[in-house]
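What follows is one structure encoded as structure tokens, with my remarks underneath.
Please treat every number below as a calculation from the coordinates, not as lab data. Computed from a predicted structure; not experimentally measured. As a convention, Cβ positions derive from the backbone with ideal geometry for all residues, glycine included, and neighbour counts pool all protein chains shown.
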Amino acid sequence: MSIKDRATRLRAAITLLTEASEIVIQHWEDEERDSSTKEVDRNFFIPSYELFNARRTIQGAMGVCAELVLDPRARLMEMAAVYYEARALHIAAEARVADVLDSGDHEKGMSADDLGRRIGIKEHKIARVLRTLCSAHVFQEVSYNHFANNVVSQVLVANDPLRAGILVMGWANYTASTKLPETLLDPVKTQSESALQTAFQAAHGTQVGYFEWMEEPIKRNDGSTQPKRELATFGLAMWGSGRAMGWPLYYDYPWQNLGSATVVDVGGGVGGFSLELSKIHSNLKFVIEDRPAVLKQAETVWNQQAPAALQIGRTKLLPHDFFTDQPVKNAEVYHMRYIMHDWPDEDCVKILQAIRPAMGPNSRILISDAVMIPTCRSSTETVTPAPYPLPANYGFAHRFQNMRDLNMLTLFNGRERGPDEWKELARKAGLRVEKIWECRGYVWITEMRKGD
Ligand SMILES: C[S@@+](CC[C@H](N)C(=O)[O-])C[C@H]1O[C@@H](n2cnc3c(N)ncnc32)[C@H](O)[C@@H]1O
């Protein structure tokens, strides 16, 4: 790239940064004006489309600046070590550091000594873990060796679902990721599309799939058994990551037009998606389908959060294996969040084919998963690309989707899919993609209808 091209790209990125920053500042000012009348809960905040675009533009422009301005060798070395940031966050979540700091003096912070004593980690070690996170703008060091929450770490306070989401990424998933390089470089395994020949099986020394493995109890030395921590935490983690990454799903699909329709939440887990949706749209009815062990947890969650829904039958819990015929016929919605990305194509087609015969003329399948967009531009784009000089998918703003895609590859030989891949899956199952609903977050909704 010539110096002239490089300068043109950098200037264009800075112009985007400046313009998008003004939109963000305008939004802050509007929010400050409104704050006297309504309080904003950060957990449930949804940006306007303008703010959403400004945010991803800023993130994308930061990526262009990193590419053009930073020393490439140093950048690669930094990237090779970035998993330590994830480890540091994991430690902070495991030890509930955000909650402990919240119980102390918010202005002066808590000394590493005091914090270390409370959480059982030696003082200089927790200080270094937290300083790693402070450099990444999570937590703040208010004076030397004194730490407090910042606007980012504050969202972890009293937030068990979000904490669970972080822990699940850091336990079995992280361990599995250590075997991804050798699994991809193995001449046999690299050709496999099987959910039973992945880095996950190699790392955990098992023959079974992720969900079955989770349900296998751990044997204690005295011969007794205990459930895996992943099993106890997974449902909560899905709820937490759904709240963190997928809140716009409730607003960017016209649920309000569905009246008193039935939403069948296929593989619905503890029903986190349905629970939140039920609070916003009070006429919708729900059937949550999953494996029996998970539905036991769902019962506990619903009894705590919305007991009346179970009592009056507005929400039903139905054990169901989604590879077998869908038992609820003619529902308006068959919804699947974070299901299809867990499975290779062949299995996804089977899951869709098992629903299709139950569908009536007004039924639709709604798939809540990421929609992958390549970094390059093409002439047949179905999704509006980011402005020049950003990569078509906003680059840095698409990194989490790419990381999740690799997480799916690691655990299941699954994948996050792009528009053409969704169309192909639908076609193979006798369905068609009606519309991809672009939501203001990491997860979008792909709507499928019967193909005929
Ligand atoms: C990634 S989680 C998503 C849970 C839920 N949809 C959500 O978003 O919170 C995948 C879910 O699929 C369920 N699952 C896996 N295999 C299944 C099967 N054969 N039949 C029904 N559910 C299954 C798991 O128990 C788990 O709850």
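Data for the structure
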{"read-out": "Only Lys, Arg (+1) and Asp, Glu (-1) charged, at Cβ; the chain dipole about Cα centre in debye", "value": "420 debye"}
{"read-out": "Pairs beyond 18 Å (Cα-Cα), from LYS189/LYS423; LYS179/LYS219; LYS125/LYS179; LYS350/LYS450; LYS228/LYS316", "value": "LYS189/LYS423; LYS179/LYS219; LYS125/LYS179; LYS228/LYS316"}
{"read-out": "Efficiency of FRET between ILE3 and VAL82 - r from beta-carbon atoms, R0 30 angstrom, step 0.05", "value": "0.50"}
{"read-out": "Helical contribution to [θ] at 222 nm, DSSP H n ≥ 4, -39,500 (n - 2.57), averaged over the chain, rounded to 500", "value": "-14500 deg cm²/dmol"}
{"read-out": "Label point 7 Å beyond Cα of THR178 along Cβ direction - residues of the range 193-221 with amide nitrogen under 11 Å", "value": "203-204"}
{"read-out": "Spin-label zone in the range 72-95 - amide nitrogen under 17 Å from a point set 7 Å from the Cα of LEU185 along the C-beta vector", "value": "80-81"}
{"read-out": "Sequence ranges 429-436, 181-188, 365-372, ranked by mean other-Cβ count within 10 angstrom, highest first", "value": "365-372, 429-436, 181-188"}
{"read-out": "Footprinting exposure proxy for HIS341, HIS90 (fewest neighbouring C-beta atoms within 10 Å first)", "value": "HIS90, HIS341"}
{"read-out": "For q = 0.17, 0.20 Å⁻¹, Debye-computed log10 I/I(0) when each Cα of the range 298-372 counts as one equal scatterer", "value": "-0.79, -1.00"}
{"read-out": "Gained length - ARG229 relative to ASP113, 0.36 nm times residue gap less alpha-carbon distance", "value": "38.8 nm"}
{"read-out": "Shape category assigned to the chain from the gyration tensor of Cα positions, a/c cut at 1.5", "value": "rounded"}
{"read-out": "Unit charges at the beta carbon, dipole of the range 74-158: most positive-side option, ILE126, VAL97, MET110", "value": "ILE126"}
{"read-out": "Inter-site label distance for ALA74 and ILE218 at 7 Å from Cα along Cβ, in nm", "value": "4.2 nm"}
{"read-out": "Debye log10 I(q)/I(0) at q = 0.11, 0.12 Å⁻¹ for the range 1-140, Cα point scatterers", "value": "-0.67, -0.78"}
{"read-out": "Surrounding net charge for ALA202, when Lys and Arg each add one and Asp and Glu each subtract one, Cβ distance under 10 Å", "value": "0"}
